[in-house]
Amino acid sequence: MFELIDKGDTRSPRPPLLFVHGARHTAMCWDEHLLDFFADRGYRAIALDLHRAGHSIDDYVDRVHTVAAQLPSAPILVGHATGGFIVQQYLHRYRAPAAVLLAS
């Protein structure tokens, strides 16, 4: 199973938010401020850890897709730095209702 930090209501009618970290970070970088912030506002907020996901951008995109495909609805993707690039590559192959790219 993939390492995830999953907060908020799993039955929320709002699209889930899937956070993708940058290089030299882990899913924990989202947990300090953002996951609870969005969970407290009615979103399901999920941070995916890409460590042990492989060694290429394609491996990371595949990991994001595997997690996204298991959610009840397509997530809004949020990527920081390298995570933003991974989100961009994801959008070349798959659809998402929205994406947020931070310093990518």
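Every number here is computed from the coordinates shown, using simple stated rules; none is lab data. The structure presented is a predicted model; accordingly, all values stated were derived computationally and were not measured. Neighbour counts are summed over all protein chains in view; Cβ atoms, including those assigned to glycine, are modelled from backbone coordinates with ideal geometry.
Data table
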| read-out | value |
| --- | --- |
| For peptides 67-73, 79-85, 92-98, 39-45, sequence by mean Cβ density within 10 Å, most packed first | 79-85, 39-45, 67-73, 92-98 |
| Förster radius 25 Å - calculated FRET efficiency between R95 and D36 (Cβ-Cβ, nearest 0.05) | 0.35 |
| Bridge type composition, the chain - antiparallel percent by DSSP, nearest 5 | 25 percent |
| For F19, distant residues with modelled amide H under 5 Å away | I46, A47, L48, V78 |
| The stretch 73-84 - phi-based ³J(HN,Hα) in whole Hz, Karplus 6.51/-1.76/1.60, Gly and Pro as x | 8, 4, x, 7, 9, 10, x, 10, 6, 4, x, x |
| Label corresponding to log10 I(q)/I(0) by the Debye sum over Cα atoms at q = 0.11, 0.16, 0.17, 0.20 Å⁻¹ when calculated from the structure given, among [x] -0.27, -0.59, -0.68, -0.96; [y] -0.46, -0.74, -0.81, -0.99; [z] -0.55, -0.80, -0.86, -0.99 | [x] |
| Per-residue ³J(HN,Hα) for the stretch 54-59, Karplus 6.51 cos²θ - 1.76 cosθ + 1.60, θ = phi - 60°, Hz, x for Gly and Pro | x, 10, 10, 4, 4, 4 |
